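Notes for the one structure printed next.
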Amino acid sequence: MLTVSNLHSCYGESHILRGVDLALPEGAALGLLGRNGMGKTTLIKTLLGIVRPREGSVRFAGREVAGRAPCEIARLGIGYVPEGRGIFANLSVRENLQVAARPGRDGRCDWTYERVLDTFPRLKERLDTGGQLVSGGEQQMVAIGRALLTNPRLMILDEATEGLAPRIVEHIWQVVAQIRAAGISTIIVDRNYRSVLRHTDCAVVLQKGKVALAGSSAELAQQAPALEGLLGV
Ligand SMILES: Nc1ncnc2c1ncn2[C@@H]1O[C@H](COP(=O)(O)OP(=O)(O)OP(=O)(O)O)[C@@H](O)[C@H]1O
């Protein structure tokens, strides 16, 4: 479903991604780990076409997408929950959700507005509230719901639990489990590596823009000292 080969990305003269390779089979969940500044968000932005790679290949759903426009890549079926949530502040919760709704690339409409509200019942009472006026947890639910409403084949969640209360964090992980159970491929960036390994099939650890460690999540969970060394925890 997704194959990344020898990917290099830069911001001006700063060479951030230095030859990243990874593969995500259809329906699998990949954890993307690494200390602050190691290139996780840059990798995600490069996959999405927001950052243009300097070199390398990104194959998604059978096509080469490296260097293509973000809207073109998104329309191939990638739902993105950005770090910081990216809520439209001047739209209501309802509008934030509805603005994104569309059938998937193959015409699938598995994720409807009603299904998203059933997944996040708390949003039902907040539909007319402005996007910037709801709590951080509710904004995160809107961001995930909005990405699901594009009926993606791949969901990318960047720091989806950051700064949230433990109860909300638990709910977000339950929703991640539902997304996986629905057969949607998933890439998850999160600071809590134990939760990431519990909710993914495989994981990679980035260090200075390269993959320093990769394997099945079950194997990596057995390598806590090496992992914690790389993550600085
Ligand atoms: N727009 C930008 N212009 C210049 N440098 C940037 C830009 N965005 C990120 N960087 C730099 O690129 C490097 C990688 O950042 P990136 O955000 O990809 O890391 P990360 O692993 O996602 O870490 P974090 O958890 O802090 O977001 C960092 O040194 C960062 O300062």
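The values are calculated or read from the model by the stated rules, or taken from the named source; none is laboratory data. Given the structure is predicted, the values throughout are model-derived calculations rather than measurements. We place every Cβ from the backbone using ideal geometry, glycine too, and count neighbours over all the protein chains shown. Protein only, heavy atoms only, side chains kept; ligands, DNA and RNA dropped before computing areas. Shrake-Rupley method; radii C 1.70, N 1.55, O 1.52, S 1.80 Å.
Return the residues of the range 100-132 that are open to solvent by 80 Å² or more (accessible area, probe 1.4 Å) and in contact with a strand residue (DSSP E or B) (Cβ under 9 Å, 6 or more places away or on another chain); say none if nothing qualifies.
ASP128
What single numbered condition from (1) touching a strand residue (DSSP E or B) at 6+ places or on another chain (Cβ under 8 Å); (2) within 10 Å of the ligand (Cβ to nearest atom); (3) on the phi > 0 side of the Ramachandran plot fails to hold for GLY37?
Of everything listed in (1) touching a strand residue (DSSP E or B) at 6+ places or on another chain (Cβ under 8 Å); (2) within 10 Å of the ligand (Cβ to nearest atom); (3) on the phi > 0 side of the Ramachandran plot, GLY37 misses just condition (1).
Let's see how each residue does on (1) touching a strand residue (DSSP E or B) at 6+ places or on another chain (Cβ under 7 Å); (2) touching a residue at least 12 places away in the same chain (Cβ under 8 Å):
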position	(1), (2)
ALA147	yes, yes
MET155	yes, yes
GLU159	yes, yes
GLU162	no, yes
GLU170	no, no
SER195	no, yes
THR200	yes, yes
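From the list LEU97, LEU7, LEU24, LEU2, pick out the single residue that is within 16 Å of the ligand (Cβ to nearest atom), hydrophobic (A, V, I, L, M, F, W, C), surrounded by 17 or more Cβ atoms within 10 Å (Cβ to Cβ) and at pLDDT 95 or above.
That would be LEU7, the only listed residue that is within 16 Å of the ligand (Cβ to nearest atom), hydrophobic (A, V, I, L, M, F, W, C), surrounded by 17 or more Cβ atoms within 10 Å (Cβ to Cβ) and at pLDDT 95 or above.
Confirm whether ASP118 is modelled with pLDDT of 95 or more, farther than 22 Å from ILE184 by Cα and among the acidic types (Asp, Glu).
When the stated conditions are applied, ASP118 does not pass them.
Determine whether GLU83 is closer than 23 Å to PRO25 by Cα and of a type in the set (D, E, K, R).
In short, no.
Hey, can you tell me all the residues within the range 135-157 that are touching a Ser or Thr at 6+ places or on another chain (Cβ under 7 Å) and open to solvent by 20 Å² or more (accessible area, probe 1.4 Å)?
The answer is ARG153, and nothing else.
Can you find a residue in the range 84-92 that is within 17 Å of the chain's Cα centre (by Cα), within 16 Å of the ligand (Cβ to nearest atom) and loosely packed, with under 15 Cβ neighbours inside 10 Å?
yes
What tally of residues in the range 60-73 results from selecting those that are open to solvent by 30 Å² or more (accessible area, probe 1.4 Å) and either hydroxyl-bearing (Ser, Thr, Tyr) or not in a loop (DSSP other than H, G, I, E, B) (or both)?
5
Out of the residues in the range 158-202 that are of a type in the set (Asp, Glu) and in contact with a helix residue (DSSP H, G or I) (Cβ under 8 Å, 6 or more places away or on another chain), which is surrounded by the fewest Cβ atoms within 10 Å (Cβ to Cβ)?
ASP201
So which of ARG52, ARG35, ARG18 ends up being open to solvent by 60 Å² or more (accessible area, probe 1.4 Å) and part of a strand (DSSP E or B)?
Result of the check over ARG52, ARG35, ARG18: ARG18.
Does ILE16 meet the test of being under 27 Å from GLN178 (Cβ atoms) and not basic (Lys, Arg)?
Answer is no for this residue.
Of (1) hydroxyl-bearing (Ser, Thr, Tyr); (2) part of a strand (DSSP E or B); (3) within 16 Å of the ligand (Cβ to nearest atom), SER57 satisfies all except one. Which?
In the conditions (1) hydroxyl-bearing (Ser, Thr, Tyr); (2) part of a strand (DSSP E or B); (3) within 16 Å of the ligand (Cβ to nearest atom), SER57 misses (3) alone.
Taking the range 173-195 as the region of interest, how many residues are under 12 Å from the mean Cα position of the chain (by Cα) and closer than 19 Å to LEU220 by Cα?
Residues flagged as under 12 Å from the mean Cα position of the chain (by Cα) and closer than 19 Å to LEU220 by Cα within the range 173-195 amount to 5.
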